[in-house]
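Please read the structure below before turning to the comments.
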Amino acid sequence: MRINNKLNIKILDKILKLRYEKQPKLRKIKKKLLSRQIAYKDIIDQESRNYDNDLLDETEKSRWDRQIRHPLINQMKIKNAKIVVFGCGGIGSNVLLGLVYAGVYNFKILDFDKINYSNLNRQTLYTPKDVNNLKIDKAKERLSKINPEVKVDTFNMEIYYPLDQDIYKIEEKNYSKEVLLIDNLIKWADYIVIALDYFGSPYLINDLCIKNKKPFYWGGVNHFLGDLFNYDPNNNSACLRCIFGKTDFINKTQFLRYKTKEDSFKGVNLGTTVIVTGNLISELIIRDICSIKNPFHGNYLIYDAYNFEIINIPIERDSNCICQNLI
Ligand SMILES: [Zn+2]
């Protein structure tokens, strides 16, 4: 199927005229934004993108009809993507929901914690009935309810990794059992989500992703600020250590909030800020799966829910960072 751009813009014009009759200014802005999207080079020739959407069964075709008809969305690629999510709390919950609703089928999830009532303002996978149950069990149950065909492997494990350990100095054959498991999960995955509070553990996953040349997405929320970072192995991207430093990063940056494991439980936030931040990560992952231009690779994004804006901060790779030794 070939997309006729002129026809699309004509139809678009008609819709905009009807919808924004009373608001000509708004209509003009909407038209400009939508025309720009329609004019994307990769929309023009859908055939060259080799979608295999015919391999989907009739239920799948109907369920993801709106996405399949979107010329930029490759539903088969979404179906076949393999995602590992470290941490099934606020960010992890919302990333998982965004991805399973979008049509991702393959997950491995890791968490050690049980659900409590204070989780339920933002951890949208869970309900009051789930309190005192393991997050991974209830997450698997919920994801399977949303799509019974989904495959979810669960790992009941707490990752605690001291900040001052450098994984690059350890040979793979000498990895501990814990590090080996995490390394295997990363090797299996196409995309990795780091949704853990305490910072030593994200550093371990950061290092293993760089070693394995795998992209990861990190997110965290405090107050009205949602922070996101996306490491891209193919783009000379900075890493979490480039941003936050080696061991004395606590005082270096305003972004980082937790000094000790205990501190990380003191976070305050509005549930919706966490939900939006998690979903921004799902959206970035879906864009990457479908090879849609991602202008945020290697950048630090702050979703400022208070002023209602997204701040995009390009991050340079630190030439003294240990990620230089990992590549
Ligand atoms: Zn680095």
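For LEU204, are the conditions met, namely being assigned to a loop (DSSP other than H, G, I, E, B) and within 20 Å of CYS242 (Cβ to Cβ)? No, not satisfied.
Taking first residues from the range 173-184 that are assigned by TED's automatic domain parsing to the domain that holds PRO202 and partners that are assigned to a loop (DSSP other than H, G, I, E, B), the Cβ contacts under 8 Å between residues at least 6 apart in sequence or on separate chains come to GLU178/MET157; GLU178/ILE159; VAL179/ILE170; LEU181/MET157; ILE182/ILE159; ASP183/TYR175; ASP183/ASN212.
Residues in the range 123-162 that are buried (at least 17 other Cβ atoms within 10 Å of the Cβ) and at pLDDT below 95: ILE159, TYR161. Residues of the range 79-101 that are in a helix (DSSP H, G or I) and over 20 Å from THR124 (Cβ atoms): LYS79, ASN80.
Quick one: is SER48 more than 30 Å from VAL131 (Cα to Cα), modelled with pLDDT of 95 or more and surrounded by fewer than 23 Cβ atoms within 10 Å (Cβ to Cβ)? No: the conditions fail for SER48. The numbered conditions (1) closer than 24 Å to GLY245 by Cα; (2) more than 13 Å from the chain's Cα centre (by Cα); (3) in contact (Cβ under 8 Å) with a residue 12 or more places away in the chain are all true for THR272 except (1). Within the range 315-327, residues that are of a type outside the set (A, V, I, L, M) reach partners that are more than 7 Å from the ligand (Cβ to nearest atom) and not in a loop (DSSP other than H, G, I, E, B) with beta carbons closer than 7 Å, at six or more positions or on different chains, in the pairs CYS323/ILE210; ASN325/TYR168.
Considering LYS246, LYS261, LYS214, the condition of being within 16 Å of the ligand (Cβ to nearest atom) and either at pLDDT below 95 or not assigned by TED's automatic domain parsing to the domain that holds PHE107 (or both) is satisfied by LYS246 alone.
Quick check on the range 314-326: of everything there that is within 16 Å of ASN235 (Cβ to Cβ) and outside any loop (DSSP other than H, G, I, E, B), which residue is nearest to the ligand (Cβ to nearest atom)? Among those that are within 16 Å of ASN235 (Cβ to Cβ) and outside any loop (DSSP other than H, G, I, E, B), it is CYS323. Of all the residues in the range 210-226, those that are in a helix (DSSP H, G or I) and buried (at least 23 other Cβ atoms within 10 Å of the Cβ) number 1. Evaluate the range 286-299: report whether one residue or more is modelled with pLDDT of 90 or more, outside any loop (DSSP other than H, G, I, E, B), touching a strand residue (DSSP E or B) at 6+ places or on another chain (Cβ under 8 Å) and surrounded by fewer than 18 Cβ atoms within 10 Å (Cβ to Cβ). No, every residue in the range 286-299 fails to be modelled with pLDDT of 90 or more, outside any loop (DSSP other than H, G, I, E, B), touching a strand residue (DSSP E or B) at 6+ places or on another chain (Cβ under 8 Å) and surrounded by fewer than 18 Cβ atoms within 10 Å (Cβ to Cβ).
The values are calculated or read from the model by the stated rules, or taken from the named source; none is laboratory data. Just so it is clear, the structure is predicted and the values come from calculations on it, not from any experiment. FYI the Cβ positions are ideal-geometry reconstructions off the backbone, even for glycines, and counts take in every protein chain you see.
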